[in-house]
Each structure stands twice: as structure tokens, then as C-alpha cells.
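Q: What follows is a single structure, and I will ask about it in a moment.
Readers should treat all values here as calculations from the given coordinates under stated rules, not as data from a laboratory. None of these values were measured; they are calculated from a predicted model. In this analysis, Cβ positions are derived from the backbone assuming ideal geometry, glycine residues included, and neighbour counts consider all displayed protein chains.
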Amino acid sequence: MLVSTEIGAGQIVSVRDETRFYDDLGCLAADFAARSAEATPFVRLSSGTWFDARTAAYAQPASARTAMGSGFAAFATAAEARAADRAGRALQWDDVVKAAGERR
């Protein structure tokens, strides 16, 4: 998949399959739910570094425009996520996975 922007970019690295790339964290989270036993999810932070999705903090900034419309952005800390989120919250990976499942 062509990843058009780093906002919302992610990947699933699996011990069995090829690495899968995503251009929206909502899609990454939805797909990860089916692959979690043998895979590790990574998200791209605004700094350009890859970060373990399970330890990142998430927000839905009012200005975020993601490829598939989830609006999720990843941050290294909960404080960064809260500062960016339109409602002042910091979400965890499980929150993003749950929200992605509800969208399907």
C-alpha cells in the first residue's frame, strides 16, 4: 500500500506474514484485532519515528485528516495526546482497537 502521509501511518510486523502497511490508524487497529497473536503493531509519530502502537498515546485532533477518516494520530506521551485532542483526552491502543471495531 502507498502511504500518502505520515499522519496515521502504521504497520503490522508479523512472525508469519509479510509486513503490512497502513495509511490510517483506524484500519491498522481493525486489522490488528485479527492478527494480534503473532504480530506487533507500530505507528508513525509526528517526529518520524516508528513506535510500538501498544505503548503510544492517541488523540483525534480537530485538524487531523487521515486517509480513511478515523482521525486518529499517535503520540509518544499521554500529555502530547491530550494537548492535541479535540476533547482533551489521551486514548490508549485498546481504545483505538475498540473504536475501529465499532466503525466496521
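Q: So what is the relative contact order of the chain, in percent, for Cα pairs below 8 Å that sit 6 or more residues apart?
A: The normalised contact order for the chain reaches 26 percent.
Q: For all pairs of alpha-carbon atoms in region 54-104, what percent lies in each bin of width 10 Å, listed from the first bin to the last filled one?
A: 29, 59, 12
Q: Can you work out the FRET efficiency for the pair Ala62 and Glu18, with r the C-beta to C-beta distance and R0 = 41 Å, to the nearest 0.05?
A: The computed FRET efficiency comes out at 0.70.
Q: Oh, and also: For log10 I(q)/I(0) by the Debye sum over Cα atoms at q = 0.14, 0.20, 0.23 Å⁻¹, the choices are (1) -0.52, -1.07, -1.39; (2) -0.45, -0.94, -1.26; (3) -0.68, -1.02, -1.12; which was calculated from the structure?
A: The value computed from this structure is option (2).
Q: Scan region 8-94 for GluC sites (Glu not before Pro) in coil per DSSP, keeping those whose Cβ has at most 16 other Cβ atoms within 10 Å, and list them by number.
A: Glu18
Q: While we're looking at this one, here's another question. So what is the calculated 222 nm ellipticity per residue for the chain, using -39500 (n - 2.57) for each DSSP H run with n of 4 or more, over all residues, to the nearest 500 deg cm²/dmol?
A: -8000 deg cm²/dmol, from helical runs alone.
Q: What do you get for trypsin sites (Lys or Arg not before Pro) in region 19-102 restricted to DSSP loop and a cutoff of at most 13 other Cβ within 10 Å of the site's Cβ?
A: In loop regions of region 19-102 (DSSP not H, G, I, E or B), the sparsely surrounded trypsin sites (Lys or Arg not before Pro) are Arg65, Arg86.
Q: Also, quick follow-up: If you fit an axis through the alpha-carbon atoms of helix 25-35 and take the longest principal axis of the Cα set of the chain, what angle between them do you get, 0 to 90°, nearest 10?
A: Once rounded, the angle reads 40 degrees.
Q: Could I ask something else about it? Per 0.36 nm of contour for each residue apart, how much would the distance between Thr40 and Arg86 grow if the chain were fully extended, relative to their Cα-Cα spacing?
A: Result for the pair: 13.7 nm of gain on full extension.
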